[in-house]
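Visitor: Submitted below is the structure of interest, expressed as structure tokens.
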Amino acid sequence: MGFSPDGNCTNVVAALELARKIGLLTLGLAGGDGGLMKETSLDFCFVVQAHDPLVIQETHETLYHVLWELVHIFFEHEGLLT
């Protein structure tokens, strides 16, 4: 999982590309128009279409917590998706 306020953080994009290359699930959270992160072949890329860094950060935090909760529900109920 990588976070970038504008999607153009080259270190974050490079890390996500490497993670994808070695077979890991990749998830990017970007702001603005998604920048380089949107152009990278990630499994999932969520773009907050805003330029206010506080709006982007709050949306990323909320999305992170929702994903965290979903993962925990999945592990508590492993047969849910079968």
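The values are calculated or read from the model by the stated rules, or taken from the named source; none is laboratory data. Quick caveat, the model's predicted, so the values are computed rather than measured. Here the Cβ positions follow ideal geometry from the backbone for every residue, glycine too, while neighbour counts run over all protein chains shown. Accessible surface areas use protein heavy atoms only, side chains included; no ligands, DNA or RNA. Shrake-Rupley method; radii C 1.70, N 1.55, O 1.52, S 1.80 Å.
Visitor: For the chain, what value does the Rg/Rh ratio take when both radii are computed over Cα atoms and Rh is the Kirkwood radius, given to two decimals?
Guide: 1.03
Visitor: Put a dot 7 Å past each Cα toward the Cβ at LEU25 and ASP6; how far apart are the dots in nm?
Guide: Roughly 3.1 nm, to one decimal.
Visitor: Please give the net charge around LEU36, taking every other residue with its beta carbon less than 11 angstrom from that of LEU36, where Lys and Arg add +1 and Asp and Glu add -1.
Guide: Its environment carries a net charge of -3.
Visitor: Along the charge dipole of the chain, which of LEU36, HIS60, GLY79 sits closest to the positive end, that is, farthest toward it, with unit charges on the beta carbon of Lys, Arg, Asp and Glu (+1, +1, -1, -1)?
Guide: Value: LEU36.
Visitor: Now for a separate question. Taking the Cα centre of the chain as origin, sum charge times position over the Cβ atoms of Lys and Arg (+1) and Asp and Glu (-1), and report the length of that vector in debye to the nearest 20.
Guide: Result for the chain is approximately 300 debye, rounded to the nearest 20.
Visitor: In square angstrom, what is the accessible area per residue of the chain with a 1.4 angstrom probe?
Guide: 71
Visitor: Can you give the net charge of the other residues whose Cβ lies under 14 Å from the Cβ of TRP68, counting K and R as +1 and D and E as -1?
Guide: Cβ neighbours under 14 Å give a net charge of -3.
Visitor: In the chain, carbon and sulfur make up what percent of the accessible area (probe 1.4 Å)?
Guide: Reported share for carbon and sulfur atoms: 62 percent.
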